[in-house]
1. Which residue, of Lys467, Lys485, is within 30 Å of Leu80 (Cα to Cα), out of contact with any Pro (no Cβ under 7 Å at 6 or more places or on another chain) and of a type in the set (D, E, K, R)?
2. Please go through the stretch 430-470 and pick out each residue that is out of contact with any Gly (no Cβ under 8 Å at 6 or more places or on another chain) and of a type in the set (D, E, K, R).
3. Out of curiosity, is Ala165 part of a helix (DSSP H, G or I), more than 30 Å from Asn232 (Cβ to Cβ), within 16 Å of the chain's Cα centre (by Cα) and assigned by TED's automatic domain parsing to the domain that holds Ile311?
4. Looking only at helices (runs of 4 or more DSSP H) that fall completely inside the stretch 469-567, which ones have 1 or more residues that are under 24 Å from the mean Cα position of the chain (by Cα)?
5. Across the stretch 270-287, which residue is farthest from Thr213 (Cα to Cα) among those that are among the polar types (S, T, N, Q) and assigned to a loop (DSSP other than H, G, I, E, B)?
6. If we scan the stretch 417-434, do we find a residue that is touching a residue at least 60 places away in the same chain (Cβ under 8 Å) and under 30 Å from Ala162 (Cβ atoms)?
7. Could you run through the stretch 255-295 and say how many residues are within 16 Å of Gln228 (Cα to Cα), aliphatic (A, V, I, L, M) and in contact with a Ser or Thr (Cβ under 7 Å, 6 or more places away or on another chain)?
8. Whether any residue in the stretch 403-415 is closer than 30 Å to Ile241 by Cα and of a type outside the set (Gly, Ala, Ser) is what I want to check.
Amino acid sequence: MHASERIFFVLFPECVILTLNKILRVNQNQRNVEKIKIREKIGYALGDGAANIAWRGVSTFLLFFYTDVFGITAAAAGVLLFIARLSDGVSDVAMGIIGDRTNSKFGKFRPWILWTAIPLAVILSLLFTTPDLGMTGKIVYAYITYILFTLIYTANNIPYGALMAVMTGDNKERTSIGSYRMVGAFAGGMIVQGALLFLVAHFGNVNPSINITKLENTKYNVVVSSSQDVPNANIKTKDGIAKIYWAEAKEGTTNTPSPYVSFTMSANEKYSFIVDGESGLTTEKISLINQKKGYSNSIYVLSVFLAIFMIITFMSTKERVYPPKAQKSNLIQDLKDLFSNKPWLVLLVVGLFWTIYNSIKQGMTLYYFTLYLNNQLLSASYLVALMLASIAGAMATAPLGKKLGKKNLFIYALLFSGAVNALFVFCGPKDIGAIFTIGIISEFGAAIFPTLFFAMLGDTADYSEFKNNRRATGLVYSAGSFVTKFGGGVAAAFIGAVLAAFHYNGMDSTTIEGAIPAVIMLMSWIPAVIAFIAAGIMTLYPLNQPKMDNITEELYQRRLKEATSVKD
């Protein structure tokens with residue numbers, strides 16, 4: 001031992017040295033946990049990939065499924081989705097409170113991801129199952145399954161969202177995790193939106209007998225039959241160009257040419273249609289699908305992946321940020337802190353508006369391509385293109401946020417996406433290139449909204465801890481999650497009401513033409529107006545980047561001091 005070392009040990013007894021070592025280790029460990037490894041970020045992102053198999057599947061396809069497959073009217077389906085979402089107001093807040101008070105060896109929020117993985121997959125499958133019921137029975141079944149879906153989704157998604165805020169105390173690192181999360185979310189959305197219609201065509205394939213007789217240059221008589229009963233058959237040409245109508249009008253129905261005809265097939269009975277507007281028609285160009293079977297089996301397969309991804313998220317993540325040790329459970333105080341949190345209140349209202357904006361865009365896509373462009377399968381390619389644009393937008397959010405600040409970036413993204421989206425009003429059914437271009441550019445901006453929103457909810461939780469020395473992460477995220485889900489319900493109800501005002505009936509193809517103006521405005525300028533309103537509200541958000549950096553450093557010092565005192 002060197003002389004200098006002997007002097008050090010004489011001057012500093014062993015107990016003092018051990019204490020200093022503890023402090024140094026605490027300091028180092030605290031620094032290390034702020035940087036999250038990429039594999040943990042990817043594991044976390046898979047959770048939102050799973051959630052979006054459910055969420056995007058429901059927001060994009062459920063209203064269409066209800067009206068055009070299950071057979072519920074647009075008005076009834078819209079009211080159903082709106083009323084069911086009202087229950088989220090109670091369940092979301094309750095789940096946030098429960099999450100904050102959950103104490104297990106796995107943490108506060110992670111265990112809920114595990115416990116709800118399989119139940120969420122099961123209820124999603126039931127949501128797209130079509131029991132043979134009368135109209136009243138269908139509506140009752142839809143209410144029960146949809147409300148159960150929202151409750152289980154809440155029990156899964158509130159803890160999942162709150163988990164991001166407790167994986168790290170660094171607000172910039174949280175934005176990075178948010179970017180990974182949104183890449184996972186959009187990838188999950190791409191899986192369901194890109195693959196579902198093709199899976200429906202695969203699992204719903206009737207394999208019918210088709211006989212085609214040419215009547216005129218582009219006019220044919222098509223006779224189809226099947227060896228099985230098909231309760232919800234849908235016949236059309238695969239490219240959607242031709243119009244189809246009954247060769248002999250069925251009793252009680254009108255017989256206006258339309259892109260498709262939905263009907264009930266009995267085994268071995270022949271059904272005769274006129275197909276007009278497509279030259280060189282062959283049997284390969286005729287699509288006859290059992291939509292009920294197709295949708296149900298497709299969702300069953302996707303639900304398996306949902307459960308697997310959720311379990312991986314649970315296994316690969318870790319909670320690191322906890323409420324102050326001195327904090328005692330006090331729900332009244334938590335609620336007072338929440339509603340005195342101005343940044344959270346502003347973000348709450350903005351969250352409602354951007355969710356309505358995105359949900360109208362998503363909810364109208366299938367209607368737009370089916371009714372206006374007469375090419376439903378093309379919507380799958382469009383949705384995949386939008387998901388790729390969304391991934392690019394999510395990946396660009398962190399660097400853009402560092403340069404512009406999260407608040408400014410949010411405002412610019414709202415204005416940009418809304419203005420571009422309004423250009424849809426100038427597109428005709430043949431302007432496919434323009435439609436794809438507008439959609440992709442608008443979606444790039446729209447992808448920034450959720451990426452920033454959920455990261456900024458964590459910032460508002462930090463702000464509350466900074467201001468009140470109390471933390472209720474689950475409660476902050478529960479209310480934030482509620483407005484995003486409630487906004488989806490408002491959007492669905494709004495779409496249903498507007499389509500009903502134009503007398504659209506998904507089971508009557510003759511109502512399509514009259515509903516086209518509604519489809520166009522719901523796809524174009526109506527969402528744009530909503531985005532502009534949200535941008536105006538966002539200007540009131542008080543947390544700029546320098547202020548957040550100060551809050552992050554102050555909280556870091558508090559936690560370090562608390563951890564050091566506990567170690568001692």
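1. Matching residue, one of Lys467, Lys485: Lys485.
2. Hits for the stretch 430-470 are Lys430, Asp431, Asp459, Glu465, Lys467, Arg470.
3. The answer is no for Ala165.
4. Answer list for the stretch 469-567: 473-501, 512-523, 525-538.
5. Ser279
6. Among the residues of the stretch 417-434, at least one is touching a residue at least 60 places away in the same chain (Cβ under 8 Å) and under 30 Å from Ala162 (Cβ atoms), which makes the answer yes.
7. Counting residues in the stretch 255-295 that are within 16 Å of Gln228 (Cα to Cα), aliphatic (A, V, I, L, M) and in contact with a Ser or Thr (Cβ under 7 Å, 6 or more places away or on another chain) gives 2.
8. no
The values are calculated or read from the model by the stated rules, or taken from the named source; none is laboratory data. In this text, all values refer to a predicted model and were calculated from it rather than measured experimentally. In this analysis, Cβ positions are derived from the backbone assuming ideal geometry, glycine residues included, and neighbour counts consider all displayed protein chains.
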